[in-house]
Amino acid sequence: MLRFFIITTNCAMLALLLIGLPAATRAHFGNVQLSSASSGRLLMFWGLGIAAAANILAALIFIKGRKQKIVCWEWAAVFGALLLAHWAFTRGYLNFDWLKQSLALVAETSLIPQNAAATSRRKSMRLQFQNRDRIRREIAREIGAHSIHGRNRRSNFLRLLN
C-alpha cells in the first residue's frame, strides 16, 4: 500500500511539474506572451529539485521497507535526470538541431515515391516564399532609407506597395 502511495504521489508531482506548471506560468493574450519565460524555468527547476530532494529524504529517513526505499530512489533518479536535462537545455548544452536536420533530410529524401505534380507544386510554393521574402526585404530597405529623411514610414510603405 505504501508503494502505491509513493508511486501515485510521484506521478501526480510529475504531471503537475510537466503539464500544470507550464500551463499556469504562460499567460497568453492572442499571440503575445504576457508572462516571463524565466519565471517558468525557475519554477520548473525548483520543482524538480524539491521533488528529487523529497524522494531522497523519504528514502533515507522516513521509509523503512526495502522495496519502498528502492521505489523512492528510482523516483529520485527520474527527477534528478529531468533536473539535469532541464539544466542542460536552459544552458544550451542540449539542443534539438540534430532532430530538425534529420527530419528535414527525411522529408527531402522520402522513401515514398511522389508524383511530379506534387513536387512541382512544392517547388513553386518555395519560389513564392523566396520571392515574398525578397520583396519584404526590399520594402524594408526602402522604408529604412526614406525614414532617415524624416518621411512617414507608413506612407512610404503604402507608396511602395502601389
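What follows draws every value from the coordinates through simple rules; no lab data is involved. These numbers were taken from a predicted model, which means no experiment stands behind them. A quick note on method: Cβ atoms are made from the backbone with ideal geometry, for glycine too, and the neighbour counts reach across all protein chains shown.
Label reach from Leu57 (point 7 Å along Cα→C-beta): in segment 79-99, amide nitrogens under 20 Å belong to 79-84.
Subtract the Cα-Cα distance of Phe89 and Ser36 from 0.36 nm times their separation in residues, and report this length gain in nm to one decimal.
Working: separation 53, 0.36 × 53 = 19.08 nm, distance 1.73 nm.
Extra length from Phe89 to Ser36 when fully extended: 17.3 nm.
Using Cβ point charges alone (K and R +1, D and E -1), the dipole size of segment 2-95 about the Cα centre works out to roughly 280 debye.
How would segment 1-108 be classified by its alpha-carbon gyration tensor: rounded, prolate or oblate, with rounded meaning a/c under 1.5 and the a/b versus b/c comparison settling the rest? It comes out prolate by the Cα gyration axes.
The fewest-to-most ranking of Lys69, Lys64 by surrounding Cβ atoms within 10 Å reads Lys64, Lys69.
Multiplying the residue separation of Phe29 and Ala77 by 0.36 nm and removing their Cα-Cα distance gives an extension gain of 13.5 nm.
Starting from 0.36 nm per residue, how many nanometres of slack lie between Lys100 and Leu43 once their C-alpha separation is accounted for? Don't jump to the answer; show the numbers that get you there.
Working: separation 57, 0.36 × 57 = 20.52 nm, distance 2.79 nm.
Length gained, Lys100 through Leu43: 17.7 nm.
In this label model, Ile135 and Ile7 are separated by 6.0 nm, measuring between points 7 Å along each Cα→Cβ vector.
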